[in-house]
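The values are calculated or read from the model by the stated rules, or taken from the named source; none is laboratory data. Not measured: the values here are computed from a predicted model. Because the Cβ atoms are built from the backbone with ideal geometry, glycine has one as well, and the counts that use them run over all protein chains shown.
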Amino acid sequence: MTTLERAEAAEHALSQELDRLVIVKSVIYTSGERDPRVPVTRPPDNGRRYLMADDPRLPRMPERPTLFDFFRLRFAPANHLLQSARLAQKSGAGDKVVLACLLHDIAIAGFIRGDHGYWAAQLVEPYVDEEVSWAIRYHQALRFFPDESVGYQYPAMYTKLFGPDYKPEPYIERAHEYARTHKWYMTSRLLTVNDLYAFDPTVQVELEEFTDVVGRNFKQPKEGLGFDASPSSHMWRTMMWPTRYL
Ligand SMILES: [Fe+2]
Ligand SMILES: [Fe+2]
């Protein structure tokens, strides 16, 4: 078979498999697009089975997934994260800031966008130093507030994205107030400093640049992320299998 024939055969097998399956989207996929008070009527199943295994449309995760497996198969291309981490490393930041930069937006890359700093912190909390997850959690709030001592200004991009009148909500203001006098403030602040200038489509950064930092500072569970019964294991499983029926 030629490469083209192989690709066509694979596509055919996938569409046949999909024909035999019912894949139901969780509310979070459609929330906001429909009135949640109106019941959803489902089309007849016609003898098809509900998906309870790997989603055939997604790249299959290994049995014992590592953080890098998630980067390659669920968060890719993750340029923003890699560029932020490299920027931090180049500026001479320590491991904690570099790791925080590498992980800070994984919720956006693979899970949920709203309140992403809190979700990302929760995802990594069992596996990193408390200071790292703290920095990730509070970047959610700190990025809205300037700090001249380190040359951090309110991002011009936010004015463009959210309009000149946008004001962070009171819970974000309170989080900023709390964080600014905390002993780990600068770790989170340096995350936002390296976050800001990290969007460059021409810069390619390889994950392997961070093998050592991750090896030293991320407690990779031997059972694999998702299977170690940590307080966030289920969240890693959801990223692995986002469309399972139950
Ligand atoms: Fe972020
Ligand atoms: Fe970011």
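Collect the residues in segment 99-119 that are among the aromatic types (Phe, Trp, Tyr) and in a helix (DSSP H, G or I), keeping them in residue-number order. Let's see the steps before the verdict.
As a first pass, look at segment 99-119 and keep what is among the aromatic types (Phe, Trp, Tyr): 111, 118-119.
Of everything in segment 99-119, those that are among the aromatic types (Phe, Trp, Tyr) and in a helix (DSSP H, G or I) turn out to be 118, 119.
Quick check on residue 174: is it basic (Lys, Arg) and over 17 Å from residue 120 (Cα atoms)?
Criteria met by residue 174.
Residues 125, 131: which one is among the charged types (D, E, K, R) and in contact with a Lys or Arg (Cβ under 6 Å, 6 or more places away or on another chain)? Spell out the reasoning first.
Working: 125 fails: in contact with a Lys or Arg (Cβ under 6 Å, 6 or more places away or on another chain).
Checking each option against the conditions leaves just 131.
Working only within segment 178-218, note down all residues that are modelled with pLDDT of 95 or more, exposed (fewer than 12 other Cβ atoms within 10 Å of the Cβ) and of a type outside the set (Asp, Glu).
181, 183, 211, 215, 216
What residue, of 58, 67, is surrounded by 10 or more Cβ atoms within 10 Å (Cβ to Cβ), at pLDDT 95 or above and under 19 Å from residue 246 (Cα atoms)?
Result: 58 is the single residue among 58, 67 that is surrounded by 10 or more Cβ atoms within 10 Å (Cβ to Cβ), at pLDDT 95 or above and under 19 Å from residue 246 (Cα atoms).
Give the residue that is farthest from residue 192 (Cα to Cα), with candidates limited to residues of segment 122-149 that are of a type in the set (S, T, N, Q) and within 16 Å of ligand 2 (Cβ to nearest atom).
133
Does any residue in segment 144-161 that is more than 16 Å from residue 187 (Cα to Cα) and in contact (Cβ under 8 Å) with a residue 40 or more places away in the chain come within less than 7 Å, Cβ to Cβ, of a residue that is assigned to a helix (DSSP H, G or I) and acidic (Asp, Glu) six or more places away or on a different chain, and which pairs are these?
none
Considering each residue of segment 152-177, count those that are among the small types (Gly, Ala, Ser) and modelled with pLDDT under 95, and give that number. Give the steps one after another, and end with the answer.
From segment 152-177, those among the small types (Gly, Ala, Ser) are 156, 163, 175; that's our starting set.
In the following step, the residues that additionally are modelled with pLDDT under 95 were identified as 156.
Residues flagged as among the small types (Gly, Ala, Ser) and modelled with pLDDT under 95 within segment 152-177 amount to 1.
So that you can scan it fast, the table gives a plain yes or no per residue for (1) closer than 26 Å to residue 209 by Cβ; (2) away from ligand 1 (no atom under 14 Å from the Cβ); (3) of a type in the set (Phe, Trp, Tyr):
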position	(1), (2), (3)
61	yes, yes, no
98	yes, yes, no
120	yes, no, no
138	yes, no, yes
143	yes, no, no
146	no, yes, no
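If you scan segment 176-223, which residues turn out to be within 14 Å of ligand 1 (Cβ to nearest atom) and hydroxyl-bearing (Ser, Thr, Tyr)?
Once the filter is applied, which keeps residues that are within 14 Å of ligand 1 (Cβ to nearest atom) and hydroxyl-bearing (Ser, Thr, Tyr), segment 176-223 yields 188, 192, 197.
Select from segment 120-136 the residues that are in a helix (DSSP H, G or I) and in contact (Cβ under 8 Å) with a residue 40 or more places away in the chain and list them in ascending order.
Pass one, segment 120-136, residues in a helix (DSSP H, G or I): 120-127, 130-136.
Hits for segment 120-136 are 122, 123, 124, 125, 126, 127, 131, 132, 134, 135, 136.
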